[in-house]
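Step one of this worksheet: look at the structure below.
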Amino acid sequence: MKLTRLKIAGFKSFVEPSEFLIEPGLTGVVGPNGCGKSNLVEALRWVMGESSYKSLRASGMDDVIFAGTNGRPARNSAEVMVVVDNSARTAPAAFNDSDSLEIMRRIERESGSSYRINGREVRARDVQLLFADAATGARSHAMVRQGQIGEIIAAKPQARRRILEDAAGVAGLHTRRHEAELRLKAAEDNLLRLDDVMGEIE
Ligand code: ATP
């Protein structure tokens with residue numbers, strides 16, 4: 001999955017709307033300490049559906065909203081949009097009707113987040129699965145955090161297997177299997193209840 005554009009407004013230190021074009025090839029982000037390099041990567045993970053504020057170095061999800069400085073008031077919302085190239089039409093069927101996908105996440109103070117794909121409101125899970133199917137995403141091993149290489153070297157076989165599954169793009173299948181199992185269990189329970197009712201009627 002190729003990311004082509006990232007737009008950030010009100011997220012952490014990116015108070016003004018900022019747009020980054022991601023050209024083909026290697027992209028480097030350079031700047032002095034504290035200028036926002038990690039915030040940029042966190043914005044990307046956040047729009048991909050990151051649900052843990054701790055892994056975004058925050059003490060609550062509202063902390064990702066620009067908190068204000070001496071000369072600037074805090075904001076009440078933050079918005080991040082990432083554009084991905086879908087010319088190979090690999091997106092899930094529900095979103096596979098255009099050559100590019102605009103995935104957007106917005107948070108309002110004390111009201112939580114909402115997600116859109118090409119302007120259509122979707123669930124966090126839809127966004128997480130979209131990226132998981134493409135072997136990327138906020139928790140995937142395609143996003144390498146500081147210290148993660150060491151963790152991978154020391155990982156137990158089961159954790160290593162998850163890395164391989166991630167790379168093979170089957171991480172989303174586990175979530176779907178779990179959901180299908182829950183639906184199956186609910187259907188079995190309903191059948192049992194139906195048997196009871198039938199027994200009472202007969
Ligand atoms: P380093 O090179 O030291 O790792 P960096 O370029 O990765 O630094 P970041 O960690 O991305 O920098 O940015 C840190 C800056 O972001 C700090 O100045 C911090 O005050 C600011 N910041 C973080 N959260 C917010 C927020 N919610 N509102 C305003 N500023 C914020």
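The values are calculated or read from the model by the stated rules, or taken from the named source; none is laboratory data. Just so it is clear, the model here is predicted, and its values are computed rather than measured. Positions of Cβ are backbone-derived with ideal geometry, glycine not excepted, and every protein chain shown enters the neighbour counts.
Would you pick out the residues in region 21-32 that are exposed (fewer than 12 other Cβ atoms within 10 Å of the Cβ) and not hydroxyl-bearing (Ser, Thr, Tyr)?
Within region 21-32, LEU21, GLU23, PRO24, GLY25, LEU26, GLY28, VAL29, VAL30, GLY31, PRO32 meet the criteria.
Condition first: part of a strand (DSSP E or B) and farther than 18 Å from ARG45 by Cβ. Now tell me which residues in region 87-113 satisfy that.
Once the filter is applied, which keeps residues that are part of a strand (DSSP E or B) and farther than 18 Å from ARG45 by Cβ, region 87-113 yields SER100, GLU108.
Are any of the residues in region 69-86 within 8 Å of the ligand (Cβ to nearest atom) and either part of a helix (DSSP H, G or I) or surrounded by 15 or more Cβ atoms within 10 Å (Cβ to Cβ) (or both)?
Looking through region 69-86, none of the residues is within 8 Å of the ligand (Cβ to nearest atom) and either part of a helix (DSSP H, G or I) or surrounded by 15 or more Cβ atoms within 10 Å (Cβ to Cβ) (or both).
If you scan region 64-99, which residues turn out to be modelled with pLDDT under 95 and polar (S, T, N, Q)?
Matches in region 64-99: THR69, ASN70, ASN86, SER87, THR90, ASN96, SER98.
Give the residues of region 48-68 that are among the hydrophobic types (A, V, I, L, M, F, W, C) and either near the ligand (Cβ under 7 Å from one of its atoms) or within 15 Å of the chain's Cα centre (by Cα) (or both), sorted by residue number.
Scanning region 48-68 gives MET48, LEU56, MET61, VAL64, ILE65, PHE66, ALA67.
Taking only region 33-60 into account, find how many residues are buried (at least 18 other Cβ atoms within 10 Å of the Cβ) and either hydrophobic (A, V, I, L, M, F, W, C) or without any contact (Cβ under 8 Å) to a residue 24 or more places away in the chain (or both).
Residues meeting the conditions: 7.
Looking at region 114-148, which of its residues are at pLDDT 80 or above and assigned to a helix (DSSP H, G or I)?
Answer for region 114-148, where residues must be at pLDDT 80 or above and assigned to a helix (DSSP H, G or I): ALA124, ARG125, ASP126, VAL127, GLN128, LEU129, LEU130, PHE131, ALA132, ASP133.
Out of the residues in region 27-47 meeting the condition of being within 6 Å of the ligand (Cβ to nearest atom) and in contact with a strand residue (DSSP E or B) (Cβ under 8 Å, 6 or more places away or on another chain), tell me which one is farthest from GLU79 (Cα to Cα).
So the residue we want is GLY36.
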